[in-house]
Amino acid sequence: MTTKITEVSLEHLRLSLKDKMSPKRYNHTLEVEKMAVRLAELFCPSKTDVLRAAALLHDITKEYSVEEQLQICKKFGIITKRLDILSPKTFHAKTAAALIPEMYPDFADSEVISAVRFHTTGREGMTLCEALIYFADYIDESRKFKDCVILRNAFWDAHPDLMTEQDRIVLLYRLLVMSFDMTINGLVAENVPISADTVLARNDFICRLSELSE
Ligand SMILES: [Fe+2]
Ligand SMILES: [Fe+2]
């Protein structure tokens, strides 16, 4: 499924989101969009509009209560396990992806939806669009958390714009592994469950890096 995303439809989307989110969440959303555009320029200029739409939509349900998240899961037949209840932060990616076709049908594009769906946990076999939204969300300029600043600086200080395509992908994969390690370490420290998708994503990028170095 592909949908025509235009400058006008993106601007309508921004206006609609502004009313539905706290100023802090809206600002983060716009910063993720800006970062997604910068990453698209480096990795896949033809996907810029897909990444802009996914960035704008990625946190549409982040401020919903756990009860609301559970209701949406029930409505869309999303299976919730005991583990999901213990890590409610992962809910919003699933519920946002599920709501896009009915709330924002102009953006019901399979690449947009999957980038939103996996922006929190990652997964094995992430597409480039999924990986770039996940990464843009981690390193957007509004993030002041130490790990985010370390990753953001590690990426831009390496001057990805001056690299060959292959070196740029290696840099991205290396930093994705680092981000999954940071997330996993944080979850271990908090003594909360780790999504299996996050572990699978980490292992997958380590395998991809080893294949690229052969
Ligand atoms: Fe999120
Ligand atoms: Fe986010």
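No lab work stands behind these numbers, since they all come straight from the coordinates. Keep in mind that this is a model prediction, so the values were computed, not measured. No Cβ is skipped: glycine too gets one built from the backbone with ideal geometry, and neighbour counts run over all protein chains shown.
The table below gives the values:
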read-out	value
Label point at ASP181 placed 7 Å out along Cα→Cβ; residues across the stretch 112-149 whose backbone nitrogen lies under 16 Å	147-149
In the stretch 43-90, trypsin sites (Lys or Arg not before Pro) in a DSSP loop with at most 16 other beta-carbon atoms within 10 Å	LYS81
Mean ellipticity per residue at 222 nm, deg cm²/dmol - from DSSP H runs of n ≥ 4 across the chain, formula -39500 (n - 2.57)	-22000 deg cm²/dmol
Between the stretch 154-173 and the stretch 191-214, the Cα center-to-center distance that results, in Å	19
For MET126, distant residues with modelled amide H under 5 Å away	none
Coil-residue trypsin sites (Lys or Arg not before Pro) of the stretch 2-41, DSSP, other Cβ within 10 Å capped at 15	LYS4
Top of LEU42, LEU15, LEU57 by mean-square fluctuation, Gaussian network on the chain, Cα under 10 Å	LEU15
Loop trypsin sites (Lys or Arg not before Pro), the stretch 122-165, which have at most 11 other Cβ atoms in a 10 Å radius of their Cβ (DSSP)	LYS144
Filter on LYS20/LYS75; LYS74/LYS146; LYS20/LYS94; LYS4/LYS81; LYS24/LYS94 - keep pairs with C-alpha separation over 26 Å	LYS74/LYS146; LYS4/LYS81
